[in-house]
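Let me begin by presenting the structure, written as structure tokens, before commenting on it.
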Amino acid sequence: MAQSAHLLLRLVASSVTAANSAGKIVRDVMKKGDLGIVDKGKNDLQTEADRSAQQCIVGSLSRLFPSVNIIGEEGAPTCPCPEEWLVTASDPEVLALACPDQYHDLAESDVTVWVDPLDGTSEYTQGLLDHVTVLIGIAVKERAVAGVIHQPFYNYKNTGQGQMGRTVWGIDGVGVGGFDPKSPPEGKRIITTTRSHTTPQVQAALDALKPDEILRVGGAGHKVMLLMEGKAHAYVFASPGCKRWDTCAPEAVLTAVGGKLTDLHGRLYPYDKDTPPVNSRGVLATANADDHEWYIKNIPQEIRQTLH
């Protein structure tokens, strides 16, 4: 690894390669056929892919950056990461970037990494593979400043045509890599939301916004990718069900392309190591940051008041 690169770039570069390796693990578990499903609670599944992908990411980043705070969805590891899963390489394209001045002198202790090793687990078990992402979000103190979104099954329906899998990254003050962002269509309002956690309140918030179309899909990473690919204008979730490891990476990448992600009151979530993981005030993300205030004003106050 190019030790001359600044900490933030080295961390993103290592996260890209770790996410790629985790994505291969996710595909291999699916190919094997036995997903090793554990039910953690209502609408909350865990598979062998979740556990193994987290071992790969957390084990690799912990060895390379021992003083960085790393928080994974699946909790602290119960056994050492197998050596063959440990990643030491880093993405050369990211290492070659110019680091923004405000991130030149970071201390590892000021950085928190939020890891969702398999976002969209329920969809993974149901074969809805385009909903699945691997998320690595990087926060400096309270702010999400960089993120990696890996889609292990990107292009999986085009068997034999192109490479399966894609890794997207974004860094505050730098931009994005791995894909070409697109703007959603003008003259329409397309909203993406949960497919498996709908409640009367979630639906009432959507109804108030009068969308032309609602895309009900799994995974926060997948929903934000829909915004950046120009397939939806907003991601609206009027419920406290989402977690910091779901939104840290998507927020950072979305912000880097000119979008915005907040709670339903318009406030940014903090991502420091001591913050509670639950996004208790819901999630609102918009493809265009300039549209954000309109959504906040048009979600009924009585709905927003229940999210605190």
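The values are calculated or read from the model by the stated rules, or taken from the named source; none is laboratory data. This is a predicted model, so every value here is computed, not measured. Virtual Cβ from ideal backbone geometry, glycine too; neighbours counted across all protein chains shown. The accessibility values were calculated without ligands, DNA or RNA, using every heavy atom of the protein model including side chains. Shrake-Rupley method; radii C 1.70, N 1.55, O 1.52, S 1.80 Å.
Some notes on this structure:
- Note on the stretch 162-232: Kirkwood hydrodynamic radius from all Cα pairs is 13.9 Å, rounded to one decimal.
- Net dipole in debye of the chain [+1 Lys, Arg Cβ; -1 Asp, Glu Cβ; about Cα centre; nearest 20]: 540 debye
- Surface composition of the chain: carbon plus sulfur atoms contribute 49% of the solvent-accessible area (1.4 Å probe, protein chains only, all chains present).
- Accessible area per residue for the chain is 43 Å², calculated with a 1.4 Å probe on protein heavy atoms, without ligands, DNA or RNA.
- Top of R63, R244, R51 by mean-square fluctuation, Gaussian network on the chain, Cα under 10 Å: R63
- Only helices enter the 222 nm calculation for the chain: every DSSP H run of n ≥ 4 contributes -39,500 (n - 2.57), and dividing by all residues gives -9500 deg cm²/dmol, rounded to 500.
- In the chain, taking the dipole from charged Cβ atoms about the Cα centre, the farthest positive-side position among W85, H6, Y103 is held by W85.
- Computing Cα extents along the principal axes in Å directly from the structure and comparing it against (i) 51, 47, 40; (ii) 56, 50, 36; (iii) 88, 54, 39 singles out (i).
- Listed peptides 248-260, 276-288 appear in the order 248-260, 276-288 once ranked by packing, highest mean of other Cβ atoms within 10 Å at the front.
- Relative to the Cα centre, the charge distribution of the stretch 43-158, modelled as +1 at Lys and Arg Cβ and -1 at Asp and Glu Cβ, gives a dipole magnitude of about 60 debye.
- Signed unit charges on C-beta, dipole axis of the chain, positive-most listed residue L206, G282, V113: L206
- Three principal axis extents of the stretch 124-202 based on alpha-carbon atoms, in descending order, are 42, 37, 33 Å.
- Share antiparallel - DSSP beta bridges, the chain, percent rounded to 5: 75 percent
- Degrees separating the helix 200-209 axis from the principal Cα axis of the chain, which is the longest one: 70 degrees
- An ellipsoid equivalent to the stretch 64-212, defined through the eigenvalues of its Cα gyration tensor, has semi-axes of 30, 22, 20 Å when rounded to whole angstrom and sorted largest first.
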